[in-house]
1. Looking only at region 60-96, count how many residues are hydrophobic (A, V, I, L, M, F, W, C), touching a Ser or Thr at 6+ places or on another chain (Cβ under 8 Å) and open to solvent by less than 10 Å² (accessible area, probe 1.4 Å).
2. Looking at ASP197, is it assigned to a helix (DSSP H, G or I) and charged (D, E, K, R)?
3. If the requirement is being assigned by the TED database to the domain that holds LYS373, open to solvent by 10 Å² or more (accessible area, probe 1.4 Å), under 23 Å from ALA178 (Cβ atoms) and among the aromatic types (Phe, Trp, Tyr), which of these qualifies: PHE268, PHE272?
4. Filter region 285-321 down to the residues that are of a type in the set (Gly, Ala, Ser) and touching a Phe, Trp or Tyr at 6+ places or on another chain (Cβ under 9 Å), then identify the one that is farthest from LEU181 (Cα to Cα).
5. Would you be able to tell me the number of residues in region 3-17 that are open to solvent by less than 70 Å² (accessible area, probe 1.4 Å) and among the aliphatic types (A, V, I, L, M)?
6. Those residues that are assigned to a loop (DSSP other than H, G, I, E, B), open to solvent by 30 Å² or more (accessible area, probe 1.4 Å) and not acidic (Asp, Glu), I need them from region 249-265; list them, please.
7. Determine whether ALA390 is open to solvent by 40 Å² or more (accessible area, probe 1.4 Å) and over 29 Å from ILE186 (Cβ atoms).
Amino acid sequence: MGKITGFMEFQRQEEGYLPPATRLKNYAEFVIPLTNEQAKVQGARCMDCGIPFCNNGCPVNNIIPDWNDLVYRGNYREALDTLHSTNNFPEFTGRICPAPCESACTLGISEDPVGIKSIEHKIIDEGWEHGWVVPLPAAHQTGKKVAVVGSGPAGLAAAQQLARAGHAVTVFEKSDRAGGLLRYGIPDFKMEKSHIDRRIKQMEAEGVVFRTSVLIGKDFPANVNNWAKETIFPEDLEKEFDAVVLAGGAEQPRDLPVPGRELKGVHFAMDFLPQQNKINAGDKVKDQIKATGKHVVVIGGGDTGSDCVGTSNRQGAASVTQFELMPMPPEQENKPLVWPYWPTKLRTSSSHDEGCERDWAVATKRLEGKGGKVERLIACRVEWKDGKMAEVPNSEFEMKADLVFLAMGFVSPVANILDAFGVEKDARGNAKATTDGEGCYKTSSAKVFAAGDVRRGQSLVVWAIREGRQCARAVDEFLMGSSELPR
């Protein structure tokens, strides 16, 4: 694949970034994609390794060596077809996927891995630029109707596959725009929402109907969603449709049970991030949470925490500090030990480069303030022994905090929707459904399937796309007895 000796001749070249001072002035994407010549050179580095572990490292099993070779030879049209054969939305993954495929790259054992993600990004950008991404409506309609609840990557992938199989698909979204966490969880500077909009247009041309501001279920807490203008009960949905796919997110955030949690200025990350996305879309947000001129503390060292860092800096925070409960990981992984699996190592995001103090092995003990408003955070150092955490003696310290964002992950989907459909849950509170064998992705409730975070828990966009595609095939088999959709 690629040039036979390319992996020995060429070095990995990363996509470029605009300078932090420039990108902090707006919420636009700032990645500088590879040129055609640069992409050719990177494709040339794909070695004829015999067993392409990158395929298995990728949750959607992208046929990576094939499209690397096609880019090396300048055949972007065929490269796009190969990419689309396994991934409905490579413009999403080419921007926000952490690229587990690169961790599995054989070249990565001894050298820098092939820049798979940057090549994927280049292929789909070429496809849109040249007008190769077009609607692919089904040749024949089956007469079957499918409801998809949730318009994140799992729901979109399932809906597109089912529509292309000839089913009449309606996607229900409780927010005012389709896209799920892609729309209101991912900041615009990581992925501009025009990428979602043009896929929605493509899917509508393929026959998919989108109904936004519609909440499916009953007996929800008042704060679950304040954008929905209509509520549909599950029993009514099941009467109208031949199958229902639950494809919502794991939206129940992990809370911080410490004294002072109730103080004003302490927010879940997902109370903060969607507001800025709505502002960027031209909406008005009453009582917007803003970091302007404030000392911000982000609790949680993952991607959501990083997104809070980047957004706070763009709003003009006086300072941003990010805490992580776990110890600081090594700067370089032990490749012989972990390859081809996803390694634990220090990862510095573009948001961190824009300005952020980071600290590890820190636990929050309490939050304090006056007049019901948070003013400071009291924390301590912790150490881990035999998998157990213990406070380091005499390590307590205080930090100024005008805003505290809780970004410690998500524990499960909102239970109400699963209960409303009568879906059996697993030990973690997710919809219980298998991913292989007969009846895969089917829940305990008749006609109801589940895919993505609502089934597997908090995970990656690429895993959601995989489950949406596989669930679509399971639904097609359920409705028609067999399926020609790829799994």
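The values are calculated or read from the model by the stated rules, or taken from the named source; none is laboratory data. Every value quoted in this text rests on a predicted model; they were computed, and no experiment measured them. Heads up, the Cβs are rebuilt from the backbone with ideal geometry, glycines too, and the neighbour counts pull from every protein chain shown. Ligands, DNA and RNA are excluded from the accessible area calculation, which covers all protein heavy atoms including side chains. Shrake-Rupley method; radii C 1.70, N 1.55, O 1.52, S 1.80 Å.
1. 1
2. Taking the combined requirement at face value, the residue satisfies it.
3. Of PHE268, PHE272, the one residue that is assigned by the TED database to the domain that holds LYS373, open to solvent by 10 Å² or more (accessible area, probe 1.4 Å), under 23 Å from ALA178 (Cβ atoms) and among the aromatic types (Phe, Trp, Tyr) is PHE268.
4. ALA291
5. 0
6. Selection gives ARG254, PRO257, PRO259, ARG261.
7. Considered against the rule, which asks whether it is open to solvent by 40 Å² or more (accessible area, probe 1.4 Å) and over 29 Å from ILE186 (Cβ atoms), ALA390 comes out as yes.
For (1) in the same structural domain as GLU354 (by the TED database); (2) among the acidic types (Asp, Glu); (3) closer than 30 Å to ASP353 by Cα; (4) in contact with a His (Cβ under 8 Å, 6 or more places away or on another chain), each residue gets a yes or a no:
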residue: GLN13; (1), (2), (3), (4): no, no, yes, no
residue: ARG23; (1), (2), (3), (4): no, no, yes, no
residue: PRO33; (1), (2), (3), (4): no, no, yes, yes
residue: PRO59; (1), (2), (3), (4): no, no, yes, no
residue: LEU70; (1), (2), (3), (4): no, no, no, no
residue: TYR76; (1), (2), (3), (4): no, no, no, yes
residue: ALA79; (1), (2), (3), (4): no, no, no, no
residue: GLU91; (1), (2), (3), (4): no, yes, yes, yes
residue: ARG95; (1), (2), (3), (4): no, no, yes, yes
